[in-house]
Structure formats: C-alpha cells, structure tokens
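The numbers here are math on the coordinates, done by the rules we state, and not lab data. This one's a predicted model, so the numbers in the text were calculated from it and none came from an experiment.
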Amino acid sequence: MARADVADAYDARADEYVEKLGSVQQMADRDRVTIEQWRDTLAGRLLDAGCGPGHWTDVLSKSGRRDVVGIDASSRFLESARHRFPGNQFVMGDLAALPIRSRSVDGILAWYSIIHTPKEDLPQILREFARALAPGGSLLLGFADGEPGAAFEHAVTTAYSWSAEALTDLLHPLGFLVERAETRSDPDARRKHGELLAGR
C-alpha cells in the first residue's frame, strides 16, 4: 500500500482514532514513562516522526521545552493535533522525505509510526532519520514485535511487524548504535510491544 493510501485510511477514521487512542491517558503507563525519561536525557530539538493526533508531541514539549515538532501525513490528524495541543508545532510530511534540515534534531521519536511501512520501504525512512539527526542524536522506536516484515491485520490498514534484531541490522550501517532493545506482552494488547533505543 502506498504511503498516500495509508494517510487516506487514517484520515477516514481520524475522529474514531482520536476518541479511542488520542490521549496519553489512553496509552500504557510504561510507554509514557519510557518517552518522558528519554525526553529528559536530551537537550536540543526533538522530532515526533509520525505524530498522529499529537499526544506524544505534547508530552515531548513538557518540562519547559518548546523546540519540538510533530510530523505526519494525515491532514485530519494534524488538524486535531493543532486544535487540541495549541502552541505545539505540527507539520505535514512524509517520513521517507522529512521536511527538515539535515543534522537539525537531537532526538527522533518514532512510536509505532513505522508499522504500516512494508519491508522494502523501511530502509529509506531510517536513512531519513539518520540524515535528520545531529551527531550524538538519539532515536527511540516503538514497534509491533514479530517476524520481520510480516503483514498483519490492523484496524485501519495493513501493518507489519519487526524484531529488534532485524531493525538493528538496518540501523547499524547508518551509523546507529543500539543501546537498548526490549519486548513485552501487555495484557490487553493483541501483539507484543517492541521498543529500541539507538544513538548516532
């Protein structure tokens, strides 16, 4: 499925998605703690890549931080994010061609934003992350853990699982060093959660 089709699919169900999954309170507490702790280790500009309805962008902007930008391809998500989280910056964009300068961010959060990317397209997105990060920058990825590149049914559109090992293999040639990777099974989740922290 083309990236434009994924954006269209989310546009069509944006209101429903925001209602069910559009606030931090609806997220797992462990995710919130992980993202907040990561945020607090970084001093510079942060990017929420695939920000959806903007709740994680808002979390990144807390603790007096203002140099945060959320990027997404869904116009309906961005409309909701700008309305619900005024004061934050939200920009339309494609993760495979980020509308930001090279080496201009110190941290990239990509929390479940790569799950609709087929195996053959993911390397380009990771190259863009590498391009955008300043030296010493950090990448925090959240993903559906499973067989690398395997498709599975998703409420909005086809999604794909990954493993920390496969992601590490893709990140290493781009100059990333994986610092931490873990998986967990949440009681109410249909799939295992994976997360990976990498520096560059």
Check your understanding: Antiparallel as a % of all DSSP beta bridges within the chain, to the nearest 5?
Key -> 50 percent
Check your understanding: Counting pairs of alpha carbon atoms under 8 Å apart in space and at least six apart in sequence, what relative contact order in percent does the chain give?
Key -> 17 percent
Revision key, fill the gap. Expressed to one decimal in nm², the mean projection of the alpha carbon convex hull of the chain is 9.8 nm²
